[in-house]
Amino acid sequence: MNNDHLDPINALNMPEIADMTFAVDFLMRAKEGVRNIAIALTETASPEARILLRNLLRQGIAMHQEITELMMRKKWFHPYDLTEQYQLDQLSAKNTILIGQMDLFPADTRRIGMFDRTPDEHLEGSQA
């Protein structure tokens, strides 16, 4: 990755990286939801509220399982292969550092010379 955030080469694999990032965040939020509902269930005295919370807890656990299975299918999460997961985490950390080091607000934003021709170069005379 180079330090030019406008260089199209930096967009390579970006949709997949974004999808993986969203999935990891979704998985963490699902886990937090399960934890919070479980805590609420242990502190609730009302039978009606306990039934509601138990149903929410089952749904939250099922959602967590679906997200985990999706991530495993896509090879974004390796819970049974710690070496593979460690390598994936290292790559993610490296990319995070590289993005953090990019100059996102460069002083010179001209792009002269980046492209081989102007968008209207193929038009003739008065059409241009």
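The values are calculated or read from the model by the stated rules, or taken from the named source; none is laboratory data. On a predicted model such as this, the values are computed, not experimentally measured, just so you know. Positions of Cβ are generated from backbone atoms using ideal geometry, with glycine treated the same way; all protein chains shown enter the neighbour counts. Remember, those area values only see protein heavy atoms, side chains included, never the ligands or the DNA or RNA. Shrake-Rupley method; radii C 1.70, N 1.55, O 1.52, S 1.80 Å.
Probe radius 1.4 Å, ligands and nucleic acids left out: which of Y80, Y86 has the largest accessible area, and how do the rest follow? Could you put the intermediate results ahead of the total?
Details: Y80 195, Y86 140 Å².
Correct descending sequence by accessible area is Y80, Y86.
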Suppose R0 equals 35 Å; then what is the FRET efficiency for K31 and L98 from their Cβ-Cβ distance, rounded to the nearest 0.05?
-> 0.80
Per-residue SASA entry for R54, accessible area with 1.4 Å probe, Å² rounded to 10 | 90
FRET efficiency for L52 and M14 from the Cβ-Cβ distance with R0 = 35 Å, rounded to 0.05, comes out at 0.30
D19 - accessible surface, heavy atoms, 1.4 Å probe, Å² rounded to 10 = 80
Probe 1.4 Å - accessible area at T68, Å² to nearest ten = 20
